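Following: one structure in structure tokens, then a few remarks.
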Amino acid sequence: MYRYDEYDHAFVAERVAQFRDQVRRRLAGELTEDEFKPLRLQNGLYLQLHAYMLRIAIPYGTLSSKQFRMLAHIARRYDRGYGHFTTRQNLQFNWIRLEDAPDALADLAKVEMHAIQTSGNCIRNVTADHWAGVAIDEIEDPRIWCEIIRQWSTVHPEFSFLPRKFKIAVTGSPNDRAAVRVHDIGLRMLRDEQGEPGFEVIVGGGLGRTPMIGKTIRAFLPKQDLLSYLEAIMRVYNRYGRRDNIYKARIKILVHEIGAEEMRRQVEEEWEQIRGGALDLPQDVIDGIARHFAPPPYQVQPVFAPETERLRFEDRDFALWLRSNVVPHRQPGYAIVNLSLKPEGAPPGDSSAAQMDAVADLADAYSFGEIRVTHEQNLVLPHVAVADLPAVWRGLVRIGFATPNLGLVSDIIACPGLDYCALANARAIPVAQRISTRFADLARQHDIGELKIKISGCINACGHHHVGHIGILGVDKNGTEFYQITLGGHAGDDVSLGSIVGPAVPADQVVEAIESLVDTYLKERRDGERFLDTYRRVGTAPFKERLYAPA
Amino acid sequence: MPLLRNGALSDDEWQRVADDAASLPAGAAVIVSFTRFRAERETLLARNAPMGVLLKNIDPVEELGPDGARFALIALEFPKFSDGRAYSQARLLRERYGFTGELRATGQVLPDQLHHMRRCGFDAFELAKGEPLEAWRRALHTFTAVYQPTGDGRIPVSALRRRLFAAAAD
Ligand code: HEM
Ligand code: SF4
């Protein structure tokens, strides 16, 4: 894991001091709310429906057990005893008092954490594949590159007042688990003909009100050029991105308006001027960062553990959990354990302080003290010995994080929606809860197979509905909540944006509508087809026909 | 308007002249708009007094480029503090076109941007509102470590680390 050195410590401490001073000036009336807003946003503090919301960065989704316990402490001390994991590998606390925010940030700094650049028109927390460093199909650990980007983008003097927020995602595997094609910049690691790893550079993807799939502007970028190339992209965007209309200010609109070819030309022209300069990454600097992400001291472990096998035969729940929540690890004898924060009928992504502490204990006992946060609002224990799986499972069952539903119909992503968010048209969390309750039968869920439902409470698409196999978008029709349903979105390598099935449905019919879509799939599917495969083969028509058939 | 230079409030010897002002005050240090400069380039460069130019943040620095060196001052605008285009202009002027004169920030200039502005090459600041000088002094020393190489010559953390590694290896 990345550990701060003296420079990082000093920097974060100074940042807390700076923010404490800004809060003081705001409370004393020296700063207007207008002037304070961008400053608090750059420290992760939003003003929400009921209170301030503090968004904490979990860079590339990696946490130590010690950091996790600090999050539990903050939940208890400054919030109402729980936190909310988001699709951006962040944690949000929804009930923070402005006066307390500097203290909460000071506590975070003690464990090398912060809320810097989790909002505002700057380069945001860089996200990565949550199985980074442990996935079988990985070329290189993307966290090395995320950390290099994180440092470069931290209080970047030129790019802190961009036209709009800016999100970068990195995947170290050819199988994209970081949704790189729907970010402002996506970096996908691949090899050139000589076998050297480098990056495909994708620009101008995004969701929100105008969803767009990013365009590849460079098929292969050598690693040492990463920062100079990023700086060139950022400079073109900072100078020419639109600032007249916030709905047109993301880089995707610039790319769309001038075209990917012209974007490439401008970026390359700028890059020619700065490549090979001070931003060049020498191998020893890369190695210095990479050392932080060296694998933990794995022990030789049996690949076949008798106790684990026995339980698999005897306990159906454990067997189901192994099937859906446990994935192979690159180290023989180890497994990746995914924790579901989507128990039946619960708000997706919520965790109480007690649950956080328990996860930290499990991580210490069974996962080298390491925890990951996923963009699907779940957690991961990345290094569990196969022989320890029964013990870990029992521990997770106790705290309610062992629901065997990963990637299934009840593993729903939902944004905060009208329960918390000032911009919402409709509730999102209660819809997720009702769907999850309706599909509670696990045998049925496993029969339905992979099906990703994603819900947003408004067009901003924080819940990624555009890339849900089934997407649900809250809309307002004359003051009542309606939901527009899209089909066929997908965030993987074969990315696609969902298409609207038909007229929006009223709130009390959403669950029935999902039931109908699932029934259509079950009727139409051929052997081995997932929901997405069937949809791609048959299209919208059969789904639509059944959904809107007169009762 | 108070002017901050070299960490202290300072008198401003520069006058801004409107585009429609017929003649420039003889011998005085004046700042003209980029539009006027474009229109009257030859006459203005032939003037026998310090020249300054004010660029809007959409004016192309590339076009000023080589002429930059003939100005004693270039002023860049922040129409709102949240509009960050002038940061890029500043770095280009300093780092690409080698401008060494006074680089002045005008418009909505607040203490919380001072760190960014200085790192991008600004060395004079027209202060937008009456923040106590103390707030500006503190802002000068916000961060001791920086992560990016820019034209300000500060050594970024990555380079400091390399030195540590090298020292440890010795
Ligand atoms: C609760 C307060 C929140 C507010 C006020 C808010 C606001 C917004 C806005 C205005 C946009 C649209 C930006 C654009 O298209 O330019 C957006 C997009 C987005 N937000 Fe949020 N958001 C909130 C919470 C969240 C949460 C909890 C998550 C994660 C679960 C999240 C993740 C995202 C993502 C992934 C996008 C769309 C991707 C993109 O930027 O293109 N947001 N948000
Ligand atoms: S999608 Fe809309 S309702 Fe949901 S969190 Fe984002 S802004 Fe709020």
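So, in region A:96-112, how many residues would count as being assigned to a loop (DSSP other than H, G, I, E, B) and touching a residue at least 60 places away in the same chain (Cβ under 8 Å)? Break it down into steps so the answer makes sense when it comes.
As a first pass, look at region A:96-112 and keep what is assigned to a loop (DSSP other than H, G, I, E, B): A:97, A:111-112.
Checking the rest, the ones that are also touching a residue at least 60 places away in the same chain (Cβ under 8 Å) come to A:112.
Of the residues in region A:96-112, 1 are assigned to a loop (DSSP other than H, G, I, E, B) and touching a residue at least 60 places away in the same chain (Cβ under 8 Å).
Name the single residue, out of those in region A:20-40 being more than 10 Å from chain B (Cβ to nearest Cβ) and crowded, with 18+ Cβ neighbours inside 10 Å, that is nearest to B:ILE155 (Cα to Cα).
The residue in question is A:ARG40.
Just to confirm my filter: which strands (runs of 3 or more DSSP E) fall fully inside region B:41-122 and include at least 3 residues that are over 11 Å from the mean Cα position of the chain (by Cα) and facing another protein chain (nearest Cβ under 10 Å)? It would help to see each step written out before you state the result.
Numbers: elements: B:51-55, B:73-78, B:102-107.
Because the criterion is at least 3 residues that are over 11 Å from the mean Cα position of the chain (by Cα) and facing another protein chain (nearest Cβ under 10 Å), no strands (runs of 3 or more DSSP E) in region B:41-122 meet it.
Condition check: within 11 Å of chain A (Cβ to nearest Cβ) and either of a type in the set (A, V, I, L, M) or free of Cβ contacts under 8 Å to residues at least 24 places away in the same chain (or both). Does B:GLY153 satisfy that? Reasoning before the result, please.
Values: within 11 Å of chain A (Cβ to nearest Cβ): yes; either of a type in the set (A, V, I, L, M) or free of Cβ contacts under 8 Å to residues at least 24 places away in the same chain (or both): yes.
Yes.
On the basis of being modelled with pLDDT of 95 or more and either small (Gly, Ala, Ser) or surrounded by fewer than 22 Cβ atoms within 10 Å (Cβ to Cβ) (or both), does A:SER351 make the cut?
Details: modelled with pLDDT of 95 or more: no; either small (Gly, Ala, Ser) or surrounded by fewer than 22 Cβ atoms within 10 Å (Cβ to Cβ) (or both): yes.
Spelling it out, it is not the case that A:SER351 is modelled with pLDDT of 95 or more and either small (Gly, Ala, Ser) or surrounded by fewer than 22 Cβ atoms within 10 Å (Cβ to Cβ) (or both).
Mind counting the residues in region A:427-458 that are out of contact with any Ser or Thr (no Cβ under 9 Å at 6 or more places or on another chain) and near ligand 2 (Cβ under 8 Å from one of its atoms)?
Looking only at that region, the number is 3.
Across region A:439-480, what is the number of residues that are buried (at least 23 other Cβ atoms within 10 Å of the Cβ) and in a strand (DSSP E or B)?
9
Name the residues in region A:405-447 that are hydroxyl-bearing (Ser, Thr, Tyr) and within 16 Å of ligand 1 (Cβ to nearest atom), would you?
So in region A:405-447, the residues hydroxyl-bearing (Ser, Thr, Tyr) come out as A:410, A:420, A:436-437.
Listed by number, the list holds a single entry, A:TYR420.
Residue under question is A:LEU63, and the condition is that it be assigned to a strand (DSSP E or B) and out of contact with any Ser or Thr (no Cβ under 6 Å at 6 or more places or on another chain); does it hold? First the steps, then the outcome.
Working: assigned to a strand (DSSP E or B): yes; out of contact with any Ser or Thr (no Cβ under 6 Å at 6 or more places or on another chain): yes.
Judged against the criteria, A:LEU63 is a match.
Does at least one position in region A:492-508 carry a residue that is within 11 Å of ligand 2 (Cβ to nearest atom) and either of a type in the set (Lys, Arg) or more than 23 Å from A:LYS544 (Cβ to Cβ) (or both)? Working first, answer last.
Residues of region A:492-508 within 11 Å of ligand 2 (Cβ to nearest atom): none.
No, the conditions are met nowhere in region A:492-508.
Consider B:ALA72 carefully, then state whether it is closer than 21 Å to B:LEU3 by Cβ and surrounded by fewer than 19 Cβ atoms within 10 Å (Cβ to Cβ).
yes
Do the conditions hold for A:ASP317, that is, is it within 14 Å of chain B (Cβ to nearest Cβ) and either surrounded by fewer than 22 Cβ atoms within 10 Å (Cβ to Cβ) or touching a strand residue (DSSP E or B) at 6+ places or on another chain (Cβ under 6 Å) (or both)? Break it down into steps so the answer makes sense when it comes.
Details: within 14 Å of chain B (Cβ to nearest Cβ): no; either surrounded by fewer than 22 Cβ atoms within 10 Å (Cβ to Cβ) or touching a strand residue (DSSP E or B) at 6+ places or on another chain (Cβ under 6 Å) (or both): yes.
So A:ASP317 does not fit the description; no.
Please go through region B:123-150 and give me each residue that is more than 10 Å from chain A (Cβ to nearest Cβ) and modelled with pLDDT of 90 or more, ordered by number.
B:ASP123, B:ALA124, B:PHE125, B:GLU126
Restricted to region A:361-401, and to residues that are surrounded by 23 or more Cβ atoms within 10 Å (Cβ to Cβ) and small (Gly, Ala, Ser), which residue is farthest from ligand 2 (Cβ to nearest atom)?
Taking the candidates together, the pick is A:SER367.
Select, from A:PHE304, A:PHE318, the only residue that is of a type in the set (Phe, Trp, Tyr) and out of contact with any Phe, Trp or Tyr (no Cβ under 9 Å at 6 or more places or on another chain).
A:PHE304
For (1) polar (S, T, N, Q); (2) more than 14 Å from chain B (Cβ to nearest Cβ); (3) within 16 Å of ligand 1 (Cβ to nearest atom); (4) touching a residue at least 60 places away in the same chain (Cβ under 8 Å), each residue gets a yes or a no:
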| residue | (1), (2), (3), (4) |
| --- | --- |
| A:GLY333 | no, yes, no, no |
| A:GLU370 | no, yes, no, yes |
| A:VAL373 | no, yes, yes, yes |
| A:HIS383 | no, yes, no, yes |
| A:PRO390 | no, yes, no, yes |
| A:THR403 | yes, yes, no, yes |
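From the list A:ARG235, A:ARG209, which one is more than 16 Å from ligand 1 (Cβ to nearest atom) and surrounded by fewer than 24 Cβ atoms within 10 Å (Cβ to Cβ)?
Working: A:ARG209 fails: more than 16 Å from ligand 1 (Cβ to nearest atom).
Criteria check complete, one pass: A:ARG235.
Would you tally the residues in region A:71-85 being in a helix (DSSP H, G or I) and crowded, with 24+ Cβ neighbours inside 10 Å?
Filtering region A:71-85 down to residues in a helix (DSSP H, G or I) leaves A:71-78.
Those still in the list that are crowded, with 24+ Cβ neighbours inside 10 Å too: A:71, A:74-75.
Number satisfying all stated conditions: 3.
The values are calculated or read from the model by the stated rules, or taken from the named source; none is laboratory data. Everything quoted here is computed from the prediction, not taken from an experiment. Cβ coordinates were reconstructed from backbone atoms using ideal geometry, including for glycine residues, and neighbour counts include every protein chain displayed.
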